[in-house]
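Visitor: Dumping the structure here so I can ask a few things about it.
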Amino acid sequence: MRTLTDVFAPGATALPQGLRTLQVSPNGYVEPGQTVHATFAFRNLGGGTATGFRVRFRLPEGLTYLVGTARLDATPVDERGGLTALLHGSGADIGEIAPGGERRITLDYTVVSTIEDGTQIAIQAAIASFEVPVIGSNVVRLVVRSKPLLRNPKTRSEE
């Protein structure tokens with residue numbers, strides 16, 4: 001799969017700042033139970049109306065999708081069975097985008113409570129059209145910081 005770095009900055013180790021279209025908050029480190037906000041922006045830099053584009057987010061192991069949080073600009077994205085169309089294989093249609101126009105796609109995840117310290121999580125968003133299977137994708141990597149739960153209702157002391 002080609003990334004946006006491959007397309008716009010071949011040979012570079014990272015995208016130029018203006019092409020970083022996937023933003024994740026918090027960035028860097030997360031903890032069990034924490035909410036992760038992801039925003040993917042797409043701007044039509046061409047001279048004509050952009051049509052037929054779809055955006056897909058990956059549902060990484062260690063995260064669960066927060067039902068009802070997926071938005072295309074300010075409009076909720078369709079959901080079926082507790083998952084947004086953004087997480088389905090074909091992604092969600094982002095509609096027509098006028099020249100110079102932009103779409104902002106957002107959704108939230110929760111870090112599962114039973115995740116190990118040091119686990120790496122990769123959040124990925126990709127844009128594609130029916131003519132071009134993958135135009136580009138962005139990946140943001142997070143690392144889990146967690147502390148062991150040494151006391152809980154099932155903890156017993158043998159004396």
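Visitor: Say whether the condition of being part of a loop (DSSP other than H, G, I, E, B), open to solvent by less than 20 Å² (accessible area, probe 1.4 Å) and under 30 Å from R145 (Cα atoms) is met by at least one residue in region 64-87.
Guide: Looking through region 64-87, at least one residue is part of a loop (DSSP other than H, G, I, E, B), open to solvent by less than 20 Å² (accessible area, probe 1.4 Å) and under 30 Å from R145 (Cα atoms).
Visitor: Can I ask one more? Can you name the residue in region 53-63 that is among the charged types (D, E, K, R) and under 16 Å from R104 (Cα atoms) and is also most open to solvent (accessible area, probe 1.4 Å) among such residues?
Guide: R56
Visitor: Something else now. Restricting the first residue to region 65-92 and requiring it to be aromatic (F, W, Y), which pairs with a second residue that is part of a strand (DSSP E or B) and crowded, with 17+ Cβ neighbours inside 10 Å meet a Cβ separation below 7 Å and a spacing of at least six or different chains?
Guide: From region 65-92, the pairs are Y65/T84; Y65/L107; Y65/Y109.
Visitor: Please work out which one of (1) closer than 25 Å to R145 by Cβ; (2) open to solvent by 30 Å² or more (accessible area, probe 1.4 Å); (3) touching a helix residue (DSSP H, G or I) at 6+ places or on another chain (Cβ under 8 Å) is the condition T114 fails and give its number.
Guide: Result: T114 passes all but (3).
Visitor: While we're here: Pairs only if they're at least six apart or on different chains, beta carbon under 9 angstrom, first in region 45-62 and more than 13 Å from I97 (Cα to Cα) and in a loop (DSSP other than H, G, I, E, B), second open to solvent by less than 80 Å² (accessible area, probe 1.4 Å) and among the polar types (S, T, N, Q); list them, first residue then second.
Guide: R58/Q124; R58/S137; P60/Q124; E61/T119; G62/T119
Visitor: Within the group A122, A92, A50, which residue is buried (at least 18 other Cβ atoms within 10 Å of the Cβ) and at pLDDT 90 or above?
Guide: After ruling out the rest, the residue left standing is A92.
The values are calculated or read from the model by the stated rules, or taken from the named source; none is laboratory data. From a predicted model like this one, the values you see are computed outputs, not experimental measurements. As a convention, Cβ positions derive from the backbone with ideal geometry for all residues, glycine included, and neighbour counts pool all protein chains shown. Quick note on the areas: whole protein, heavy atoms, side chains included, nothing else; ligands and nucleic acids left out. Shrake-Rupley method; radii C 1.70, N 1.55, O 1.52, S 1.80 Å.
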